[in-house]
Amino acid sequence: MTWDTVSLDWNDAETVATLTVDRPEALNALNVETLEAMGEALATAADGDARALVLTGAGDDAFIAGADIKYMKDLSVAEAQEWGELGHGVADALEAFPAPTIAAVNGYAFGGGCEMAIACDLRVAAESAIIGNTEIDLGIIPGWGATQRLPELVGDEVARRMIYLGERLDAESAAEVGLFGKVVPDDDLEVVAAELAERIAEKPAVAMRAAKQSLNQRLEGSQAAGLDYEKRAFASLFGTHDQREGMDAFVEDREPEFE
Ligand code: CAA
């Protein structure tokens, strides 16, 4: 199976799959086609018994610069509900992937890009990476899981600052708050992520799966309810002036004027 905006590659032993989002002309922003392809690629990697999966972005500039603002700017509330479901589905598939997943963050990881990174088990970042949940500056909130997964990772105070202020953290700052597990020179990222994936893939697969499932158990219950709440809140904002203004301003390359 092949896709225009996503590729899935295997190591020689066919134990480690690498999923690359490949839309560099839009800094790997996620549109419907790309999200659907990611979902299919994840299912293909799981069917191929991947023992570890690396998620990264094509090119030198971006991991994933977020949801595609040009696509979503004119969505109705009902359409935004579907859009939110699609992104949530991919983030959930990463979180529930049967083997450990590693985000190799090679540049901008904003909004939905940050959300895909934090749905992975582990994060390794290039020194030049910048990460943040910047949705507030578009008149919306994180729509693919960050209100629940970010505090789990960095603690409530830091998550609130990041989401309320749309803070963009450089790699070193992100590592300090626990968002990145490791920061490496840009040129080393691919190799370091691959080595980590290989080390995981060499461990006993049944025990690894049990370890991941057990660790994920603590997310059940309250996180699921929170994710549902987030989906509804995200979609409802697509009926507001500030959402239209925030996204029009991005597309027109000007400062937004919020209510
Ligand atoms: N959606 C659509 N297109 C995007 C994009 C996005 N999220 N991010 C970048 N692009 C496009 C730009 O429009 C531009 O396209 P054109 O050449 O056709 O104009 C191209 O990618 C290159 O981008 P820039 O010219 O802006 O590059 P830059 O180096 O000057 O700036 C950047 C890079 C700081 C990442 C800037 O592009 C930016 O701020 N992007 C938006 C980031 C963002 O707000 N992401 C969150 C989206 S909301 C979200 O994800 C909601 C959710 O939770 C589901």
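The values are calculated or read from the model by the stated rules, or taken from the named source; none is laboratory data. Keep in mind the model is a prediction, meaning the values are calculated, not measured. All Cβ positions, glycine included, derive from the backbone under ideal geometry; neighbour counts span all protein chains shown. Ligands, DNA and RNA are excluded from the accessible area calculation, which covers all protein heavy atoms including side chains. Shrake-Rupley method; radii C 1.70, N 1.55, O 1.52, S 1.80 Å.
General remarks:
- Each peptide in 134-146, 227-239 gets a packing score, the mean of other Cβ atoms within 10 Å over its residues, and the list from highest to lowest is 134-146, 227-239.
- Couplings 3J(HN,Hα) of segment 108-122, computed from phi: 4, 9, 10, x, x, x, 4, 5, 5, 5, 7, 7, 7, 6, 9 Hz, in residue order, whole Hz [Karplus 6.51 cos²θ - 1.76 cosθ + 1.60, θ = phi - 60°; x for Gly and Pro].
- Gyration tensor verdict on segment 171-259 (Cα atoms; rounded if a/c is under 1.5, prolate if a/b is larger than b/c, oblate otherwise): oblate
- The Kirkwood radius of the chain, taken over pairs of alpha-carbon atoms, gives through the Stokes-Einstein law at 37 °C and 0.692 mPa s a diffusion coefficient of 180 µm² s⁻¹.
- Inter-label distance for Asp74 and Gln223, nm, one decimal - labels placed 7 Å from Cα along Cα-to-Cβ: 3.7
- Estimated FRET transfer efficiency when R0 is 22 angstrom, pair Asn216-Lys182 (beta carbons, to 0.05): 0.50
- Accessible surface area normalised per residue over the chain is 47 Å², counting heavy atoms of protein chains with a 1.4 Å rolling probe.
- Take each peptide in 6-18, 80-92, 246-258, count the other Cβ atoms within 10 Å of every residue, and average; sorted highest first, the result is 80-92, 6-18, 246-258.
- Magnitude of the charge dipole, the chain, Cβ model with Lys/Arg +1 and Asp/Glu -1, debye to 20: 960
- Sequence-distant residues sharing a close amide H with Leu30 (under 5 Å, placed H): Gly66, Ala67, Asp68
- Enclosing the Cα atoms of segment 35-104 in their convex hull gives a volume equal to 91 cubic angstrom per residue.
- For the chain, the relative contact order works out to 20 percent when only alpha carbon pairs closer than 8 Å and six or more residues apart are counted.
- Translational diffusion coefficient of segment 95-200 (Stokes-Einstein, Kirkwood radius from Cα pairs, 10 °C, 1.306 mPa s): 116 µm²/s.
- The accessible surface of the chain, taken with every protein chain in place and a 1.4 Å probe, is 49 percent carbon and sulfur.
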